[in-house]
Amino acid sequence: MTVFEHDGRLLIVDCGVLFPEEHQPGVDVILPDFTWIRDRLDRIDAVVLTHGHEDHIGGVPYLLRERPDIPVVGSRLTLAFIEAKLKEHRITPQTVEVREGQRQRFGSFDCEFIAVNHSIPDGLAVAIRTAAGLVLHTGDFKMDQFPLDGRVTDLRSFARLGEEGVDLFLVDSTNAEVPGFTVSEGELAPAIETVFRTTPGRVIVSSFASHVHRIQQVLDAAHAHGRKVAFVGRSMVRNMGIARELGYLTVPKGLVVDLKDLDRLPANQIALVCTGSQGEPLAALSRMANRDHPIRVTEGDTVLMASSLIPGNENAIYRVINELTRWGANVVHKGNAKVHVSGHASAGELAYCFNIIKPRNVMPVHGEWRHLRANADISILSGIDPKRTVIAEDGSVIDLVNGRASITGTVPAGLVYVDGATVGGITEESLHVRRTLAEEGVLTIVCIADPDTGKLAEEPDYLAHGFASDAMDFEDATPAIQRALTKASKEGIVDLEQIEELVRQAASTWAHRRHRRSPLIIPVIVDA
Ligand SMILES: [Zn+2]
């Protein structure tokens, strides 16, 4: 989420979510921190969405909870995806549909929209003109010269804006470390065709539920080889319905059928397109791998994982591949066939952009620090003054004044965790507790003690979960606990919480010395 400010007015570009990693157990999604805009909500002129990926639109339902009438601006498909999502949150947004080539003012911001291609159709870059200068934000993009829909990244407009003078260029950095050029989506056709031609059983394809062009290639191959297709997984069914209805997905008559209608067909006339390409435990493919799905993968079937392998998901994905092969399926994936190309511009394409646009200042966006650094280095190689490349982190404030961009401050911008029905209730501290519970277990110690002397009335009760469970293991903790209680009474400590903390420390030292473990320890002190 990027916020532009001019004359006290605000324009938001994208509002996405992050997905939790292994060190964030139990978290559903992670939102941007709205703290800074929360007391400026009435000054927001619009939120512009560059494309329909979750990491760019997923936070919008939560933003609109803060102020429901913020105009939501985007292309036709992007708006259709966000509207479907908002419907699940029972929110009806105020939308403004825009298309490439269009120029429209939102309050203080004169916006021009430019076609870019990416791993979802209908992506837009946005050029923002204010009295402070011209800012060009690419959103996520690549420069596929032969895209399936013929909609190339509009370099002519990039060049025209460059002639006018781009004061600040915000540019996608995701693939800045990858040398050369991202190959065309169409180059996957042979590998996909081979799968459909050679598989004796069913073909089961997993992909992102928004990758309309990848799925189009799968549908085309299925059609050519006489297979019927069913979509599996809620988001896949929903998004493909939208894409088809709006004309982004071309489906030959009778090709797509309901899952239940596949039963009457022989295996070699069946194809399934499902979610779960990242090994997500609740998605269709993982459930098939775990035999927790009506579809039983078997000998003769081929599973085609037509997607990237997002760092952090490797273990989950390989677990799914292992299980699927155990059931006898042939699994074709990025590692053994050419079934995926990236949706982001590689270093070569980025260099072209810098040379075409010749921006006055560059701010690499999207990606981790190393990607931003690599992108800045490409801009410097193309002749941009190193002092005019701004590498910003979440929360950085960048001023554009007199044609010069620089970091001038920070605003709060932590991660906000959505956990079940709560937003922001889970903190880093709660996640630390969860990790401790997962890795070390929990030990509850109930002590009945005389408040005056601190003397234990009886042996404490030790209740352990996920930690040593043999009662014998705890015998030698009692003297340490008694010493802590005696010390507390001698020092005249009467506050129960303080006494419990002393007991917790004593037990923690004991657990570490005796077991080399650090369980979560919950002391409970009861007056004798
Ligand atoms: Zn994207």
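The values are calculated or read from the model by the stated rules, or taken from the named source; none is laboratory data. In this text the structure is predicted, and so the values were computed from the model without any measurement. Backbone-built Cβ (ideal geometry, glycine too); neighbour counts: all protein chains shown. Just so you know, the surface numbers come from the protein's heavy atoms only, side chains and all, with ligands and any DNA or RNA stripped out. Shrake-Rupley method; radii C 1.70, N 1.55, O 1.52, S 1.80 Å.
When both the range 163-197 and the range 488-528 are represented by their alpha-carbon centers, they are found 58 Å apart. Computing FRET efficiency as 1/(1 + (r/R0)^6) for residue 487 and residue 438, where r is the C-beta to C-beta distance and R0 is 41 Å, gives about 0.80.
On the range 105-217, 57 percent of the accessible area sits on carbon and sulfur atoms, based on a 1.4 Å probe.
For the chain, what is the accessible area per residue in Å², given a 1.4 Å probe and the full set of protein chains? Show your work: numbers first, answer last.
On the way: 24290 Å² over 528 residues.
So the chain comes to 46 Å² accessible per residue, rounded to a whole number.
Expressed per residue, the C-alpha convex hull volume of the chain stands at 195 Å³. Along the positive direction of the dipole of the chain (beta-carbon charges: Lys, Arg +1; Asp, Glu -1; about the Cα centre), which of 241, 104, 421 reaches farthest? My answer, from the dipole projection, is 241. Comparing 503, 400, 524 along the charge dipole axis of the range 396-528, the residue lying farthest to the positive side is 400, per the Cβ-charge model. Subtracting the Cα-Cα distance of residue 110 and residue 327 from 0.36 nm times their residue separation leaves 72.4 nm of extension gain.
Counting DSSP beta bridges in the chain, what percent are antiparallel, to the nearest 5? Among the beta bridges of the chain, antiparallel pairing accounts for roughly 50 percent. Less than 20 Å from a label point 7 Å out along the Cα-to-Cβ axis of residue 99: which backbone N atoms in the range 234-276 qualify, by residue? So the set is 242-251. Based on the alpha-carbon gyration tensor of the range 246-304 and its eigenvalue square roots a ≥ b ≥ c, which shape applies: rounded if a/c is under 1.5, prolate if not and a/b is larger than b/c, or oblate? Judged from the Cα gyration tensor, the range 246-304 comes out oblate (a/c at least 1.5, b/c at or above a/b). Classified by the C-alpha gyration tensor, the range 457-499 has a prolate form. Its axis ratio a/c, with a ≥ b ≥ c, is 1.5 or above, and a/b is larger than b/c.
A probe of 1.4 angstrom, applied to the heavy atoms of all protein chains, finds residue 198 with accessible area near 80 square angstrom. Sorted into 5 angstrom bins from 0, the C-alpha pair distances of the range 1-135 split as 2, 10, 21, 23, 21, 14, 6, 2, 1, 0 percent. The Cα center of the range 269-293 and the Cα center of the range 200-252 differ in position by 15 Å. A simple packing score, the average count of other Cβ atoms within 10 Å per residue, orders the peptides 402-410, 346-354, 440-448 as 346-354, 440-448, 402-410, with the highest score first.
For residue 188, what is the net charge nearby, where nearby means another residue's Cβ is under 9 Å from its Cβ and Lys, Arg count +1, Asp, Glu -1?
Overall, the nearby charge balance is 0.
Estimated from helices alone, the mean residue ellipticity of the chain at 222 nm is -9000 deg cm²/dmol (sum of -39500 (n - 2.57) over DSSP H runs with n ≥ 4, per residue). Taking the charge dipole of the chain about its Cα centre, with +1 at Lys and Arg Cβ atoms and -1 at Asp and Glu Cβ atoms, the residue from 29, 318, 186 reaching farthest to the positive side is 186. In a reduced charge model with +1 at each Lys and Arg Cβ and -1 at each Asp and Glu Cβ, the chain shows a dipole moment near 1840 debye about its Cα centre.
Taking 18 Å as the limit for the C-alpha separation, the pairs 358/387; 228/260; 253/338 exceed it in the case of 253/338. Residues with beta-carbon under 15 Å from that of residue 347, excluding residue 347: net charge, scoring Lys, Arg +1 and Asp, Glu -1? It works out to a net charge of -1.
Most tightly packed first, judged by the mean number of other beta-carbon atoms within 10 Å of their residues, the peptides 260-271, 148-159, 356-367 read 356-367, 148-159, 260-271. Extension gain, residue 475-residue 452: 0.36 nm per intervening residue step, less the Cα-Cα distance, totals 5.9 nm. Counted by Cβ distance under 12 Å from residue 4, the other residues give a net charge of -3, where Lys and Arg count +1 and Asp and Glu count -1.
Looking at the range 423-528, the trypsin sites (Lys or Arg not before Pro) that sit in a DSSP loop and have at most 12 other Cβ atoms within 10 Å of their own Cβ are 516.
Qualifying GluC sites (Glu not before Pro) in the range 1-95, where qualification requires a DSSP coil assignment and no more than 13 other C-beta atoms within 10 Å, comprise 21, 22.
What does the charge dipole of the range 391-528 about its Cα centre add up to, to the nearest 20 debye, if the Cβ of each Lys and Arg holds +1 and the Cβ of each Asp and Glu holds -1? With Lys and Arg at +1 and Asp and Glu at -1, about 480 debye. Derived from the Cα gyration tensor, the three semi-axes of the equivalent ellipsoid of the range 118-274 are 38, 16, 12 Å, largest first.
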